[in-house]
Amino acid sequence: MQHPQPAPIAAYDEMLDARGEVRPHYQAFSQWLSQQSADAMAARQIEADLSFRRVGITFSVAGDEAGTERLIPFDLIPRIIPADEWQRLDAGLKQRVRALNMFIHDIYHGHDIVRAGVVPAEQVFLNAQYRPEMQDVDVAEDIYCHIAGVDIVRAGAGEFYVLEDNLRVPSGVSYMLENRKMSMRLMSEAFGRVNVRPVAHYPDLLLDNLREVAPRSTDDPTVVVLTPGMYNSAYFEHAFLAQQMGVELVEGQDLFVEQNNVYMRTTRGPRRVDVIYRRVDDDFLDPLSFRADSALGVPGLLSVYRAGRVTLANAIGTGIADDKSTYQYVPDMIRFYLQEEPILANVPTWRCSRPDELSHVLAHMHELVVKEVHGAGGYGMLVGPSSTRAQVEAFKERVRSRPANYIAQPTLALSTVPTYVESGVAPRHVDLRPYVLCGKEIRTVPGGLCRVALIEGSLVVNSSQGGGTKDTWVLGD
Amino acid sequence: MLSRTADNLFWMCRYIERAENTARMLDVNLQMSLMPQDAATRDGLWRAVLHISELQHGYDARYPAVTPLDVLHYMVREPANPSSIYACLRAARENARAVRGSLTTEVWETYNATWLELQRHLQDQLPERSPGKFFEWVKFRAHLARGVTIGTMLEDEALHFLRLGMHLERADNTARLLDVKFHEADVDTAARASEFYRWAALLSSVSGLEIYRKVYRDVITPDRVAELLILRPDMPRSLLASVQALTGDLERVSNQRSAETERRAGLLHAELRYGRVEDILRGGLHRYLERFLDRINDLGNRISQDFLVPLAA
């Protein structure tokens, strides 16, 4: 194969050090890779694409012609994380999710953190993501974010940062699992040489986690996965998780509420449902309480939920904690609730709602990444350094007209991993989304979804913006 | 099992079965049209294809005349024709996709790969270049879909609903095929020499020619063809075999609402099981088959109501 070149800009290369030497944790893999002919690797790549399409691991792109299904490109070269790095990440993730969960509970109960002056009242109560319906509602085991996806990036000389917390309906875990299956199939000899920790037990952990939060004491709680339906971009994942857990995949029309219980319609009559792993946003869950035009939800669900007779995972109202304007308070939440110092750092963030910070952002926009507070999926953001003058000026106008809607962060030189591109193998920027399960204890699987920006120099890894994925190998001790 | 899931499974199987039957019918017609015959007979053959599936109106709205090429196009590629191979395989795959969690990976992949390959074959003009090869491909994809289903699925409700769809559709399709071919024989006064080929073609279309030889060891006569395709329990595509399987599947999924449906299926089964071909022919085969199709249709509706359509609480 072509020898990988170090990244041209000052980004941390996960595989090669500054002198172009292979880092110790990549050596076994790199040795194996150097013995593979370019043809053999190209054949593997073709096989990967074919089999992803055959298995139907596709997603539909928003705004694209209806029914168009696309593959997310899969790159063979894994992101490898050494044992000690993972240990620290793991501890940091668990700490962060524990604090976030306590924050949500607090926000919907006594508001201690507001009264202590750590988080301003307007940040919480004037936020569109605050759900007054949830005030003083008790949820099973006080757990709100049962499934969290925390986006981690590595920048500068190799420091980890949390880029954002995803506490509503984080997706992508099926790719983590399918990517592993694929790389084990296509590069089985490499697994013989590298000690990779497994991730395939994630669905079992998830099912355990969901059963733990059932509202009634029963030996056999009924868990279902609620999907918006087969035209949702993440439908494959919903079906995949339901199948892997051995539970029903339901749509809103399959559920109904009667006498303060939720039932599903089966061929043998109604069956009571205890836990709903919902992949439908808050707004669409119950047309009686939220959006009346939603056909995806279940009329009356909210009242059953508030009465504590069904568990929703994740809970309603978690958006208050993963909102981009709340993000900057997370380190203080960790200090406040856990009396610990945060293990994982935040990216410095300017809030455009503050006049002094707004003027800084406007003056330096060409250097910054500017994001919408409620945006997701890489839409509605500006990457200053890779934008034209006109784009920057136009974005300034948008920020000026609604400053509270935006935050800004320095443009991080995300770390890179060698990646197959048309011209051979070249460094491409990556991020990492590990999944954190929050039940009676907090659990992770060693790994996550590694997304890679396939376009040279691009820092946007979202699949909707032309990103691909890699398998993530966490090494055993 | 979720009612909606059962509904998707039921239709998934019906559609692949229908795609197969469309391919069988077109294949036989194609072979028949190679026989020496006059233009009117040939056109009649192709009109019959449309007649079997009650598609004359849809066809006439799109094409000025019945020509082999246009009928093939309509029955193979036309998305708006619910019996076209394209529409059936697409619907089968869409139904499979909606319940992929209830299918084994192999079953889902078979349906998905069939759909993907179909698109490639259509793009490569396979049905036009080499129709026989294309129909063979459709048949074998259906064989594969059934084999993978039986070979990998747990024998539970999901499988029972799959088989319900398959057998209901098969009973319907065999009855239609028989009806049209016998109807042709009534109106057609052409030389008796063509008789042999007519019945041979009908038998081939249900993979029954070798079976006929094996069972009767004699010349092909219309009443035996009718007997084989209606009353033989060991002929896999016969009406009796399909209804017998259907009745068994219904008993296995039985619920509090389904007693009447089971009774009607059982009655139909008993009539076929103890029926005699002389009696059927005496009363008129066409009338018999029409009544049979009505009853199959009624069973389909009742199955939907008892099991599949989401019930109000």
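Laboratory data are not the source of any read-out in this text; all were calculated from the coordinates shown. Bear in mind that the values here come from a model prediction, so they are computed numbers and not experimental data. In this analysis, Cβ positions are derived from the backbone assuming ideal geometry, glycine residues included, and neighbour counts consider all displayed protein chains.
A few points about this structure:
- Shape category assigned to chain A from the gyration tensor of Cα positions, a/c cut at 1.5: oblate
- Listing A:Cys352, B:Cys13 from fewest to most neighbouring C-beta atoms within 10 Å gives A:Cys352, B:Cys13.
- The mean count of C-beta atoms from other chains within 10 Å of the C-beta of residues in B:1-14, rounded to a whole number, is 3.
- Computed extension length for B:Phe196-B:Leu34: 56.9 nm, one decimal, from 0.36 nm per residue of separation with the Cα-Cα distance subtracted.
- Full extension of the chain between B:Arg129 and B:Glu54 gives 24.3 nm of extra length, using 0.36 nm per residue less the Cα-Cα distance.
- Taken about its Cα centre, region A:368-477 carries a charge dipole of roughly 400 debye when the Cβ of each Lys and Arg holds +1 and the Cβ of each Asp and Glu holds -1.
- For the pair A:Ala128 and A:Asp208 in one chain, pulling the backbone fully straight at 0.36 nm per residue adds 25.6 nm over the alpha carbon distance.
- Projected label points at A:Glu456 and B:Arg287, each 7 Å from Cα along the beta carbon direction, are separated by 8.2 nanometres.
- Shown is the FRET efficiency for B:Tyr63 and A:Arg271, computed with R0 = 60 Å from the Cβ-Cβ distance and rounded to the nearest 0.05: 0.75.
- Charge dipole (debye, nearest 20) of region A:260-307; +1 at Cβ of Lys and Arg, -1 at Cβ of Asp and Glu: 360
- Separation of the A:Ser188 and A:Asp39 label points, Cα + 7 Å toward Cβ, nm: 2.2
- Taking the DSSP beta bridges with both ends in the protein assembly as shown, the antiparallel portion is around 75 percent.
- Sequence-separation-based contact order of region B:155-313, relative, with Cα cut under 8 Å and 6+ spacing, percent: 31
- Note on A:Ile46 and B:Arg77: with the Förster distance fixed at 25 Å, the Cβ-Cβ geometry gives a FRET efficiency of about 0.30.
- FRET efficiency estimate (nearest 0.05) - Cβ-Cβ, B:Leu116 to B:Asp70, R0 25 angstrom: 0.40
- Average other protein chain Cβ within 10 Å of Cβ, residues A:264-273: 6
- Normalised contact order of region B:39-144, rounded percent, pairs of Cα under 8 Å and 6 or more residues apart: 15
- A crude spin-label estimate for the pair B:Gln305 and A:Glu441, with each label 7 Å from Cα along the Cβ direction, gives 5.5 nm.
- Relative contact order (%) - region A:349-410, alpha-carbon pairs under 8 angstrom, separation at least six: 49
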